[in-house]
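Visitor: The structure under discussion is supplied below as structure tokens; questions concerning it will follow.
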Amino acid sequence: ASGKSCHVYTSPHLVRFNERIQVRSREIDDKYLLELLQYVDNVSEGANLTYFELTTAAAFKAFADNHADFLLLETGLGGRLDATNIVPNTKLCLFSPISKDHTEYLGNSLTEIATEKAGIIKDGAICISAPQEPEALAVLQAKAPELIIADADYKMENLSLPGAHQRINALLAME
């Protein structure tokens, strides 16, 4: 709405894979996506890339080849060791509610999981969090002392997407 352009990388997709990669606010088209995937396959020289690493590299190549004013980048399952965590000049880090998920990779406690997810925090970045369980909040605040916490009491009405989690997502986006 402000005339700025934005690249977007999210996962998972809801309907079709192309939703994951938006170049200048438009879903990537099939032909360009295929070219990018072939490019990454060629330059990786047989490296055993995961599905997520391959698609992340393709997205980053698309973003490098096309100027945009902003990049909205969603991490994969973690943070610290996530394939998306190579961007050095992060300005803003957002944290949705941290819960016990992907415990086989991230750890068995909220403290361990929050520590992995907090690995995306870069010096100088503004950090905003949805309301968190105390264990997770303590980790985020230790890593980002000026952490901003979205106001859980703010009244959200007329959301276009159903579900209580969408209210939290909207609060986080507003903050």
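Visitor: Can you say whether Gly107 is farther than 16 Å from Glu74 by Cβ, touching an Asp or Glu at 6+ places or on another chain (Cβ under 8 Å) and free of Cβ contacts under 8 Å to residues at least 12 places away in the same chain, as far as the supplied structure shows?
Guide: Criteria met by Gly107.
Visitor: Is there a residue in the stretch 68-82 that is of a type in the set (Asp, Glu), over 11 Å from the mean Cα position of the chain (by Cα) and either modelled with pLDDT under 95 or under 19 Å from Ala173 (Cα atoms) (or both)?
Guide: yes
Visitor: Here is a follow-up. Does the stretch 72-88 include one or more residues that are open to solvent by 50 Å² or more (accessible area, probe 1.4 Å), acidic (Asp, Glu), in contact with a Cys (Cβ under 9 Å, 6 or more places away or on another chain) and in contact (Cβ under 8 Å) with a residue 40 or more places away in the chain?
Guide: Among the residues of the stretch 72-88, not one is open to solvent by 50 Å² or more (accessible area, probe 1.4 Å), acidic (Asp, Glu), in contact with a Cys (Cβ under 9 Å, 6 or more places away or on another chain) and in contact (Cβ under 8 Å) with a residue 40 or more places away in the chain, which makes the answer no.
Visitor: Using the structure shown, decide if Asp123 is open to solvent by 70 Å² or more (accessible area, probe 1.4 Å) and either modelled with pLDDT of 95 or more or not hydroxyl-bearing (Ser, Thr, Tyr) (or both).
Guide: So Asp123 fits the description; yes.
Visitor: In the stretch 144-162, is there at least one residue being open to solvent by 60 Å² or more (accessible area, probe 1.4 Å), among the hydroxyl-bearing types (Ser, Thr, Tyr) and without any contact (Cβ under 8 Å) to a residue 12 or more places away in the chain?
Guide: The answer is yes, given that some residue of the stretch 144-162 is open to solvent by 60 Å² or more (accessible area, probe 1.4 Å), among the hydroxyl-bearing types (Ser, Thr, Tyr) and without any contact (Cβ under 8 Å) to a residue 12 or more places away in the chain.
Visitor: How many residues are free of Cβ contacts under 8 Å to residues at least 60 places away in the same chain, farther than 15 Å from Val87 by Cβ and open to solvent by 20 Å² or more (accessible area, probe 1.4 Å) if we restrict to the stretch 21-70?
Guide: Qualifying residue count for the region: 30.
Visitor: Pairs under 7 Å by beta carbon, first residue under 15 Å from Leu77 (Cβ atoms) in the stretch 110-129, partner aromatic (Phe, Trp, Tyr), six or more apart or different chains?
Guide: Listed by first residue and then by second, the contacts come to Lys117/Phe95.
Visitor: Scan the stretch 126-143 residue by residue and report those that are at pLDDT 95 or above, open to solvent by 40 Å² or more (accessible area, probe 1.4 Å) and of a type outside the set (D, E, K, R).
Guide: Of everything in the stretch 126-143, those that are at pLDDT 95 or above, open to solvent by 40 Å² or more (accessible area, probe 1.4 Å) and of a type outside the set (D, E, K, R) turn out to be Ile126, Pro134, Ala138, Gln141, Ala142.
Visitor: Do the conditions hold for Leu106, that is, is it more than 30 Å from Lys61 (Cβ to Cβ), modelled with pLDDT of 90 or more and crowded, with 19+ Cβ neighbours inside 10 Å?
Guide: Considered against the rule, which asks whether it is more than 30 Å from Lys61 (Cβ to Cβ), modelled with pLDDT of 90 or more and crowded, with 19+ Cβ neighbours inside 10 Å, Leu106 comes out as no.
Visitor: Can you tell me which of (1) under 30 Å from Leu34 (Cα atoms); (2) among the hydrophobic types (A, V, I, L, M, F, W, C); (3) in contact with a Phe, Trp or Tyr (Cβ under 9 Å, 6 or more places away or on another chain) is the one Ala136 doesn't meet?
Guide: If we test Ala136 against (1) under 30 Å from Leu34 (Cα atoms); (2) among the hydrophobic types (A, V, I, L, M, F, W, C); (3) in contact with a Phe, Trp or Tyr (Cβ under 9 Å, 6 or more places away or on another chain), just (1) comes out false.
The values are calculated or read from the model by the stated rules, or taken from the named source; none is laboratory data. Since this is a predicted model, take the numbers as computed values, not measurements. Cβ: placed from backbone, ideal geometry, glycine included. Neighbour counts: every protein chain shown. Calculation scope for accessible area: heavy atoms of the full protein, side chains included, ligands and nucleic acids excluded. Shrake-Rupley method; radii C 1.70, N 1.55, O 1.52, S 1.80 Å.
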